[in-house]
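These notes concern the structure reproduced below.
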Amino acid sequence: MNLIKIADSFPTETEATNYFEYVRWGNKPICCHCGSKNASKRYVDFRYFCNECRRKFSVTSDTYLHHTRLSLRVWLMCFAIISDAKKGISALQLHRHLGITPKTAWKMYHQVREIMSDGFISLNGIVEMDETYVGGKPRKFQSAKYTGAMDYNEYLEDKLEDLTDRFTFDNNAIKKNGLTEDAPRGRGTSKVPVVGMVQRNGDVIAEVMKKTNWKNFKAMVQHYVDMDESVLITDEFKAYSKFDTIIEHIKIDHSKMYSYKGLNTNSIESFWAIVKRGIIGQYHSVSEKYLPNYVDEFCFKYNNRKFDDMFETLVFNSMLPSDTIIKGMTTNSKKIRDGKKRARDVVSSQKMPSKAA
Ligand SMILES: [Zn+2]
(Lines give C-alpha, C1' and ligand atoms only; values in the text may rest on other atoms or scores of the structure.)
Protein backbone atom coordinates (compact mmCIF):
# COMPACT_ATOMS: atom_id res chain seq x y z
CA MET A 1 0.00 0.00 0.00
CA ASN A 2 1.73 3.17 -1.11
CA LEU A 3 0.88 6.76 -0.33
CA ILE A 4 -0.24 7.65 -3.84
CA LYS A 5 -2.80 4.87 -3.71
CA ILE A 6 -4.00 6.09 -0.34
CA ALA A 7 -4.29 9.63 -1.61
CA ASP A 8 -6.20 8.43 -4.68
CA SER A 9 -8.50 6.05 -2.84
CA PHE A 10 -9.21 8.35 0.06
CA PRO A 11 -9.23 11.89 -1.29
CA THR A 12 -11.28 13.20 1.62
CA GLU A 13 -12.16 12.27 5.16
CA THR A 14 -15.49 10.88 3.95
CA GLU A 15 -13.87 8.09 1.92
CA ALA A 16 -11.50 7.28 4.78
CA THR A 17 -14.39 7.10 7.24
CA ASN A 18 -16.43 4.93 4.87
CA TYR A 19 -13.52 2.55 4.68
CA PHE A 20 -13.08 2.23 8.44
CA GLU A 21 -16.84 1.80 8.85
CA TYR A 22 -16.95 -0.94 6.25
CA VAL A 23 -14.04 -2.76 7.89
CA ARG A 24 -15.57 -2.49 11.33
CA TRP A 25 -19.25 -3.11 10.65
CA GLY A 26 -19.72 -4.32 7.13
CA ASN A 27 -22.78 -2.66 5.68
CA LYS A 28 -24.68 -1.61 8.78
CA PRO A 29 -23.39 0.46 11.67
CA ILE A 30 -23.74 -1.17 15.08
CA CYS A 31 -24.22 0.97 18.17
CA CYS A 32 -21.24 0.52 20.49
CA HIS A 33 -23.39 1.32 23.53
CA CYS A 34 -26.23 -1.18 23.13
CA GLY A 35 -25.38 -3.27 20.06
CA SER A 36 -28.42 -2.14 18.13
CA LYS A 37 -28.34 -1.87 14.36
CA ASN A 38 -31.12 0.69 14.41
CA ALA A 39 -29.11 3.88 13.95
CA SER A 40 -30.00 7.08 12.16
CA LYS A 41 -28.08 8.67 9.37
CA ARG A 42 -24.65 9.98 9.87
CA TYR A 43 -24.11 13.52 10.99
CA VAL A 44 -21.64 15.90 9.40
CA ASP A 45 -19.16 15.01 12.16
CA PHE A 46 -19.37 11.35 11.06
CA ARG A 47 -21.37 10.29 14.08
CA TYR A 48 -24.50 8.18 14.19
CA PHE A 49 -27.51 8.45 16.43
CA CYS A 50 -28.78 5.22 17.96
CA ASN A 51 -32.58 5.00 17.95
CA GLU A 52 -32.58 2.40 20.72
CA CYS A 53 -30.40 3.93 23.41
CA ARG A 54 -30.52 7.43 21.96
CA ARG A 55 -26.80 7.99 22.15
CA LYS A 56 -24.29 8.99 19.53
CA PHE A 57 -21.40 6.92 18.34
CA SER A 58 -18.82 6.93 15.58
CA VAL A 59 -16.66 4.39 13.86
CA THR A 60 -13.80 5.01 16.29
CA SER A 61 -15.92 4.74 19.46
CA ASP A 62 -14.48 2.15 21.84
CA THR A 63 -11.71 1.14 19.48
CA TYR A 64 -7.97 1.74 19.55
CA LEU A 65 -8.64 4.99 17.78
CA HIS A 66 -11.18 6.15 20.33
CA HIS A 67 -11.06 9.93 20.81
CA THR A 68 -8.40 10.40 18.18
CA ARG A 69 -8.03 13.98 17.12
CA LEU A 70 -6.22 13.11 13.97
CA SER A 71 -8.14 12.59 10.80
CA LEU A 72 -8.66 9.02 9.68
CA ARG A 73 -6.85 9.86 6.46
CA VAL A 74 -3.74 10.60 8.47
CA TRP A 75 -4.15 7.28 10.23
CA LEU A 76 -4.35 5.48 6.91
CA MET A 77 -1.19 7.22 5.74
CA CYS A 78 0.49 6.36 9.01
CA PHE A 79 -0.45 2.67 8.67
CA ALA A 80 0.83 2.67 5.11
CA ILE A 81 4.18 4.23 6.03
CA ILE A 82 4.75 1.95 9.01
CA SER A 83 3.74 -1.23 7.25
CA ASP A 84 6.02 -0.34 4.38
CA ALA A 85 9.05 0.36 6.57
CA LYS A 86 10.40 -3.16 6.94
CA LYS A 87 13.15 -2.16 9.31
CA GLY A 88 11.10 0.34 11.24
CA ILE A 89 10.94 4.08 11.03
CA SER A 90 11.54 6.72 13.64
CA ALA A 91 8.81 8.92 15.06
CA LEU A 92 10.72 11.88 13.66
CA GLN A 93 10.45 10.56 10.12
CA LEU A 94 6.75 10.01 10.69
CA HIS A 95 6.45 13.59 11.84
CA ARG A 96 8.11 14.81 8.64
CA HIS A 97 6.07 12.55 6.37
CA LEU A 98 2.69 13.36 7.89
CA GLY A 99 3.21 16.99 8.77
CA ILE A 100 2.25 16.49 12.40
CA THR A 101 4.22 17.58 15.43
CA PRO A 102 7.04 15.33 16.67
CA LYS A 103 5.15 14.73 19.89
CA THR A 104 1.99 13.70 18.07
CA ALA A 105 4.02 11.45 15.80
CA TRP A 106 5.63 9.80 18.80
CA LYS A 107 2.26 9.21 20.47
CA MET A 108 0.77 7.97 17.24
CA TYR A 109 3.57 5.48 16.74
CA HIS A 110 3.09 4.10 20.21
CA GLN A 111 -0.61 3.75 19.55
CA VAL A 112 0.21 1.81 16.39
CA ARG A 113 2.45 -0.48 18.42
CA GLU A 114 -0.44 -1.15 20.75
CA ILE A 115 -2.62 -1.93 17.78
CA MET A 116 0.09 -4.34 16.64
CA SER A 117 0.10 -6.17 19.95
CA ASP A 118 -3.48 -7.30 19.54
CA GLY A 119 -4.31 -10.83 18.54
CA PHE A 120 -3.31 -14.13 20.00
CA ILE A 121 -0.40 -16.28 18.94
CA SER A 122 -0.21 -19.98 19.55
CA LEU A 123 2.82 -22.09 18.69
CA ASN A 124 3.23 -25.75 17.97
CA GLY A 125 5.62 -28.16 16.31
CA ILE A 126 9.29 -27.30 16.66
CA VAL A 127 9.51 -24.32 18.99
CA GLU A 128 12.79 -22.60 19.79
CA MET A 129 13.12 -20.58 22.96
CA ASP A 130 15.88 -18.22 23.95
CA GLU A 131 16.46 -14.97 25.74
CA THR A 132 18.41 -11.89 24.86
CA TYR A 133 19.40 -8.82 26.78
CA VAL A 134 18.73 -5.38 25.46
CA GLY A 135 20.63 -2.33 26.62
CA GLY A 136 24.26 -1.68 27.39
CA LYS A 137 26.57 -4.16 28.94
CA PRO A 138 27.17 -3.93 32.65
CA ARG A 139 30.80 -2.84 32.78
CA LYS A 140 33.18 -3.78 35.47
CA PHE A 141 35.77 -1.11 36.06
CA GLN A 142 39.23 -2.53 35.55
CA SER A 143 41.40 -0.45 37.78
CA ALA A 144 43.63 -1.15 40.69
CA LYS A 145 41.56 1.32 42.65
CA TYR A 146 38.33 -0.53 42.00
CA THR A 147 38.74 -4.22 42.27
CA GLY A 148 35.82 -6.30 43.36
CA ALA A 149 32.41 -6.13 41.82
CA MET A 150 31.81 -2.44 41.67
CA ASP A 151 29.81 -1.40 38.67
CA TYR A 152 31.28 1.16 36.31
CA ASN A 153 28.10 3.14 36.59
CA GLU A 154 28.37 3.22 40.36
CA TYR A 155 31.93 4.41 40.04
CA LEU A 156 30.85 7.32 37.85
CA GLU A 157 27.94 8.12 40.14
CA ASP A 158 30.36 8.28 43.07
CA LYS A 159 32.66 10.55 41.15
CA LEU A 160 29.75 12.83 40.28
CA GLU A 161 28.66 13.00 43.87
CA ASP A 162 32.18 13.84 45.01
CA LEU A 163 32.87 16.46 42.40
CA THR A 164 29.65 18.28 41.49
CA ASP A 165 30.19 21.02 44.06
CA ARG A 166 33.54 21.75 42.45
CA PHE A 167 32.77 21.22 38.76
CA THR A 168 29.73 21.58 36.53
CA PHE A 169 29.41 18.61 34.24
CA ASP A 170 27.02 20.07 31.73
CA ASN A 171 25.78 17.40 29.40
CA ASN A 172 24.17 19.81 26.96
CA ALA A 173 27.29 21.90 26.59
CA ILE A 174 29.14 18.86 25.31
CA LYS A 175 26.33 18.02 22.90
CA LYS A 176 26.14 21.59 21.64
CA ASN A 177 29.80 21.49 20.76
CA GLY A 178 29.10 18.38 18.77
CA LEU A 179 31.88 16.52 20.52
CA THR A 180 30.21 13.55 22.04
CA GLU A 181 26.97 12.38 23.51
CA ASP A 182 26.01 10.43 26.52
CA ALA A 183 26.70 6.75 26.44
CA PRO A 184 23.70 4.88 25.07
CA ARG A 185 20.99 4.53 27.64
CA GLY A 186 21.23 1.33 29.55
CA ARG A 187 25.00 1.21 29.50
CA GLY A 188 26.36 0.57 32.91
CA THR A 189 23.03 -0.62 34.17
CA SER A 190 21.84 -4.17 33.94
CA LYS A 191 20.40 -5.08 30.58
CA VAL A 192 16.75 -5.88 30.23
CA PRO A 193 15.92 -9.49 29.44
CA VAL A 194 13.61 -10.25 26.53
CA VAL A 195 12.44 -13.85 26.18
CA GLY A 196 11.24 -15.20 22.88
CA MET A 197 9.88 -18.31 21.28
CA VAL A 198 9.57 -19.02 17.61
CA GLN A 199 7.87 -21.83 15.78
CA ARG A 200 10.01 -23.12 12.91
CA ASN A 201 8.65 -21.44 9.79
CA GLY A 202 5.94 -19.90 11.92
CA ASP A 203 5.19 -17.13 14.32
CA VAL A 204 7.30 -15.56 17.02
CA ILE A 205 6.30 -14.30 20.43
CA ALA A 206 8.61 -12.25 22.64
CA GLU A 207 8.14 -10.60 25.99
CA VAL A 208 10.14 -8.37 28.24
CA MET A 209 10.64 -10.34 31.44
CA LYS A 210 11.53 -8.94 34.83
CA LYS A 211 13.31 -12.09 35.92
CA THR A 212 14.53 -14.94 33.80
CA ASN A 213 13.66 -17.89 35.97
CA TRP A 214 11.93 -21.24 35.66
CA LYS A 215 8.61 -19.96 36.99
CA ASN A 216 8.32 -17.23 34.37
CA PHE A 217 9.61 -19.41 31.54
CA LYS A 218 7.13 -22.12 32.41
CA ALA A 219 4.19 -19.69 32.50
CA MET A 220 5.14 -18.28 29.11
CA VAL A 221 5.50 -21.69 27.45
CA GLN A 222 2.25 -22.96 28.92
CA HIS A 223 0.46 -19.85 27.73
CA TYR A 224 1.60 -19.94 24.12
CA VAL A 225 2.73 -23.44 23.24
CA ASP A 226 0.66 -26.51 22.49
CA MET A 227 2.31 -28.72 25.12
CA ASP A 228 1.33 -32.07 23.62
CA GLU A 229 2.15 -31.40 20.00
CA SER A 230 5.43 -29.55 20.36
CA VAL A 231 9.10 -29.99 21.02
CA LEU A 232 10.98 -27.17 22.70
CA ILE A 233 14.60 -26.42 21.80
CA THR A 234 16.64 -24.24 24.15
CA ASP A 235 20.26 -23.74 25.04
CA GLU A 236 21.80 -25.12 28.20
CA PHE A 237 20.79 -22.18 30.43
CA LYS A 238 19.93 -23.62 33.82
CA ALA A 239 16.46 -22.11 34.08
CA TYR A 240 15.40 -24.12 31.02
CA SER A 241 16.50 -27.47 32.38
CA LYS A 242 13.22 -28.37 34.09
CA PHE A 243 11.29 -28.24 30.82
CA ASP A 244 12.11 -31.94 30.47
CA THR A 245 9.36 -32.60 33.00
CA ILE A 246 6.51 -30.84 31.20
CA ILE A 247 7.25 -30.90 27.47
CA GLU A 248 9.40 -32.70 24.93
CA HIS A 249 12.63 -30.76 25.33
CA ILE A 250 16.01 -30.64 23.59
CA LYS A 251 18.93 -28.75 25.06
CA ILE A 252 21.67 -27.54 22.75
CA ASP A 253 24.86 -27.07 24.71
CA HIS A 254 26.43 -24.10 23.01
CA SER A 255 29.78 -24.77 24.62
CA LYS A 256 29.90 -27.97 22.58
CA MET A 257 28.07 -27.12 19.36
CA TYR A 258 25.50 -24.75 17.93
CA SER A 259 23.68 -27.02 15.57
CA TYR A 260 23.30 -30.71 14.99
CA LYS A 261 21.30 -32.03 12.05
CA GLY A 262 18.68 -29.32 12.31
CA LEU A 263 18.65 -29.20 16.08
CA ASN A 264 19.47 -25.60 16.80
CA THR A 265 18.07 -22.32 17.98
CA ASN A 266 18.95 -20.48 14.78
CA SER A 267 15.45 -19.15 14.08
CA ILE A 268 15.12 -17.35 17.36
CA GLU A 269 18.72 -16.12 17.10
CA SER A 270 17.97 -14.57 13.75
CA PHE A 271 14.91 -12.90 15.22
CA TRP A 272 17.14 -11.40 17.93
CA ALA A 273 19.44 -10.14 15.21
CA ILE A 274 16.51 -8.29 13.62
CA VAL A 275 15.49 -6.83 16.98
CA LYS A 276 18.99 -5.65 17.82
CA ARG A 277 19.69 -4.22 14.41
CA GLY A 278 16.35 -2.46 14.51
CA ILE A 279 16.82 -1.01 17.93
CA ILE A 280 20.36 0.15 17.27
CA GLY A 281 19.83 1.26 13.68
CA GLN A 282 16.47 2.90 13.85
CA TYR A 283 15.63 3.70 17.40
CA HIS A 284 19.16 4.24 18.76
CA SER A 285 18.12 3.73 22.33
CA VAL A 286 14.93 2.45 23.80
CA SER A 287 13.90 3.09 27.35
CA GLU A 288 12.90 0.18 29.50
CA LYS A 289 9.40 1.54 29.81
CA TYR A 290 8.70 1.36 26.09
CA LEU A 291 10.78 -1.68 25.27
CA PRO A 292 7.71 -3.99 25.34
CA ASN A 293 6.06 -1.84 22.66
CA TYR A 294 9.10 -2.07 20.40
CA VAL A 295 9.27 -5.81 20.97
CA ASP A 296 5.60 -6.08 19.95
CA GLU A 297 6.36 -4.19 16.77
CA PHE A 298 9.20 -6.53 15.81
CA CYS A 299 7.01 -9.57 16.54
CA PHE A 300 4.15 -8.17 14.49
CA LYS A 301 6.40 -7.47 11.53
CA TYR A 302 8.05 -10.87 11.75
CA ASN A 303 4.71 -12.66 11.96
CA ASN A 304 3.36 -10.75 8.98
CA ARG A 305 6.53 -11.06 6.92
CA LYS A 306 5.04 -13.56 4.48
CA PHE A 307 1.81 -11.67 3.88
CA ASP A 308 1.40 -8.47 2.00
CA ASP A 309 -1.62 -7.35 3.99
CA MET A 310 0.08 -5.67 6.91
CA PHE A 311 -1.70 -2.44 6.09
CA GLU A 312 -5.11 -4.12 6.08
CA THR A 313 -4.24 -5.93 9.31
CA LEU A 314 -3.44 -2.62 10.96
CA VAL A 315 -6.68 -1.07 9.77
CA PHE A 316 -8.64 -4.05 11.02
CA ASN A 317 -6.82 -4.25 14.36
CA SER A 318 -7.30 -0.54 14.93
CA MET A 319 -11.06 -1.11 14.82
CA LEU A 320 -10.98 -3.73 17.58
CA PRO A 321 -12.33 -2.85 21.02
CA SER A 322 -9.33 -1.39 22.81
CA ASP A 323 -10.18 -2.69 26.26
CA THR A 324 -10.38 -6.32 25.31
CA ILE A 325 -7.39 -8.10 23.93
CA ILE A 326 -9.18 -10.89 22.18
CA LYS A 327 -7.87 -13.79 24.22
CA GLY A 328 -7.99 -17.17 22.61
CA MET A 329 -8.72 -15.73 19.22
CA THR A 330 -6.08 -16.95 16.83
CA THR A 331 -5.09 -15.06 13.74
CA ASN A 332 -7.21 -17.49 11.77
CA SER A 333 -10.46 -16.84 13.55
CA LYS A 334 -13.43 -16.10 11.34
CA LYS A 335 -14.07 -12.61 12.62
CA ILE A 336 -10.54 -11.56 11.81
CA ARG A 337 -10.53 -13.28 8.44
CA ASP A 338 -13.76 -11.55 7.45
CA GLY A 339 -12.63 -8.15 8.64
CA LYS A 340 -9.30 -8.39 6.86
CA LYS A 341 -11.04 -9.59 3.74
CA ARG A 342 -13.29 -6.55 3.76
CA ALA A 343 -10.23 -4.36 4.20
CA ARG A 344 -8.45 -6.02 1.29
CA ASP A 345 -11.43 -6.13 -1.06
CA VAL A 346 -12.01 -2.43 -0.85
CA VAL A 347 -8.40 -1.52 -1.45
CA SER A 348 -7.80 -3.98 -4.26
CA SER A 349 -10.96 -3.14 -6.15
CA GLN A 350 -10.47 0.58 -5.57
CA LYS A 351 -14.20 0.60 -5.03
CA MET A 352 -15.27 2.47 -1.99
CA PRO A 353 -18.55 1.70 -0.31
CA SER A 354 -20.48 4.87 -0.87
CA LYS A 355 -22.01 4.72 2.56
CA ALA A 356 -21.81 2.18 5.34
CA ALA A 357 -25.48 2.54 6.21
ZN1 LIG B 1 -27.52 2.18 21.17
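The values are calculated or read from the model by the stated rules, or taken from the named source; none is laboratory data. In this text the structure is predicted, and so the values were computed from the model without any measurement. Ideal geometry is used to build each Cβ from the backbone, glycine not excepted, and the neighbour counts take in all protein chains shown.
Here are a few things to note about the model shown:
- Scan of region 28-50 for residues that are within 20 Å of L76 (Cα to Cα) and either more than 16 Å from the ligand (Cβ to nearest atom) or not assigned by TED's automatic domain parsing to the domain that holds I81 (or both), ordered by number: D45, F46
- Residue under evaluation H66, criteria (1) away from the ligand (no atom under 12 Å from the Cβ); (2) modelled with pLDDT under 90; (3) more than 22 Å from C299 (Cα to Cα); (4) crowded, with 17+ Cβ neighbours inside 10 Å, criterion not met: (4)
- Qualifying residue in region 278-289 (condition: within 20 Å of the chain's Cα centre (by Cα), free of Cβ contacts under 8 Å to residues at least 40 places away in the same chain, assigned to a helix (DSSP H, G or I) and surrounded by 13 or more Cβ atoms within 10 Å (Cβ to Cβ)): yes
- When residues of region 17-27 are limited to those that are away from the ligand (no atom under 15 Å from the Cβ) and either of a type in the set (F, W, Y) or at positive phi (or both), the one surrounded by the fewest Cβ atoms within 10 Å (Cβ to Cβ): G26
- Region 32-47 residues that are over 16 Å from F20 (Cα atoms), paired with ones that are assigned to a loop (DSSP other than H, G, I, E, B) and away from the ligand (no atom under 12 Å from the Cβ) (beta carbon under 6 Å, 6 or more apart): K37/K28
- Here A105 fulfils each of the conditions (1) away from the ligand (no atom under 15 Å from the Cβ); (2) more than 17 Å from the chain's Cα centre (by Cα) apart from (2).
- Single residue of I252, I233 found to be without any contact (Cβ under 8 Å) to a residue 60 or more places away in the chain and surrounded by 16 or more Cβ atoms within 10 Å (Cβ to Cβ): I252
- Reported count of residues in region 241-270, each being modelled with pLDDT under 85 and either aromatic (F, W, Y) or assigned to a loop (DSSP other than H, G, I, E, B) (or both), is 8.
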